[in-house]
Structure formats: C-alpha cells, structure tokens
1. Calculate, in nm to one decimal, what ALA80 and ALA2 gain on full extension: separation in residues at 0.36 nm each, minus their alpha carbon distance.
2. Return the FRET efficiency for the residue pair LEU36, LYS12: r is the Cβ-Cβ distance, R0 is 30 Å, and the value is rounded to the nearest 0.05.
3. State the extension gain, in nm to one decimal, for the chain segment bounded by GLU22 and ALA55, taking 0.36 nm per residue of separation less the distance between their alpha-carbons.
4. At a temperature of 37 °C and a viscosity of 0.692 mPa s, determine how fast the stretch 1-83 diffuses translationally according to Stokes-Einstein, using the Kirkwood radius over alpha-carbon pairs as Rh; express D in µm²/s, rounded to the nearest whole number.
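Each reported figure results from applying straightforward, stated rules to the coordinates on display, with no laboratory input. Bear in mind that the values here come from a model prediction, so they are computed numbers and not experimental data. Don't worry about glycine lacking a Cβ; one is built from the backbone with ideal geometry, like all the others, and counts go over all protein chains shown.
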Amino acid sequence: MADPIAYTAIEKGAVVTTTGGERLGTVEHVLQDASLDLFDGLAVRTANGLRFVDARSITSITTDGVATSIDQTEVAGLPAPDGTAVLDADPEQYEGEGLTAWWGRTFRRSHWLREKD
C-alpha cells in the first residue's frame with residue numbers, strides 16, 4: 001500500500017495515471033509558488049509531449065505516483081504548460097566569496113537558474 005506524500009515530495013519521473021489507472025505520463029516538474037505554498041499543478045511528459053495537469057485534477061499523491069481525475073480520452077487534449085523557460089531557485093545562491101554571493105546575502109537578492117531539458 002502506498003503512503004500519501006506532499007506535492008513538495010513528488011520526484012521527476014513519478015508515474016501519473018488517469019482515472020481508470022492507465023499511465024498518463026511521468027512528472028517532468030512541479031508547478032508551484034513556494035513563497036505562498038501554492039501548488040498549481042504538474043508538467044507531465046506524455047506520448048503527446050509535455051502537458052499541464054492542473055492541481056484540481058489531481059486526486060492523490062503517493063509514494064507510488066500521482067493519480068488524476070482525467071479520463072484516458074482527455075489526455076491528448078491537455079494543454080501544454082504555459083510560459084517559456086522553467087526557472088528554479090539556486091540553493092547555493094548565497095555561498096562563496098564573490099560579489100554576487102555577497103550581494104545576495106546582504107540584500108536577499110534572488111538568483112535564478114535556467115533548468116536544463
């Protein structure tokens with residue numbers, strides 16, 4: 001039996017299934033606003049390319065994967081994620097002795113990295 005987990009614990013490659021239990025795809029990344037602890041949904045790698053699965057369509061998140069309320073017939077019609085590049089916060093943004101690190105530590109300036117495909 002799979003244990004429930006938080007959306008913050010979803011790993012890239014986790015299996016996403018339809019309402020009937022069929023494989024919809026795999027998690028590419030979680031779409032969230034961490035500062036608000038707001039879960040927006042998932043970018044899912046499907047046979048039709050990268051698709052957006054809204055948080056309202058997710059019925060459970062467990063150690064076995066993500067279950068949705070999406071029917072198999074709806075998968076092809078899922079929209080592509082909106083926006084351009086995927087950006088993620090750099091966890092080492094304030095480390096080091098350089099000017100960028102000092103500036104970040106002093107003024108808490110965000111330092112973003114482009115996620116690689």
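1. Working: separation 78, 0.36 × 78 = 28.08 nm, distance 2.90 nm.
Answer, rounded to one decimal: 25.2 nm.
2. Working: r = 22 Å, r/R0 = 0.74.
According to the calculation, E is roughly 0.85.
3. Here the answer is 10.0 nm.
4. Answer from the Stokes-Einstein relation: 261 µm²/s.
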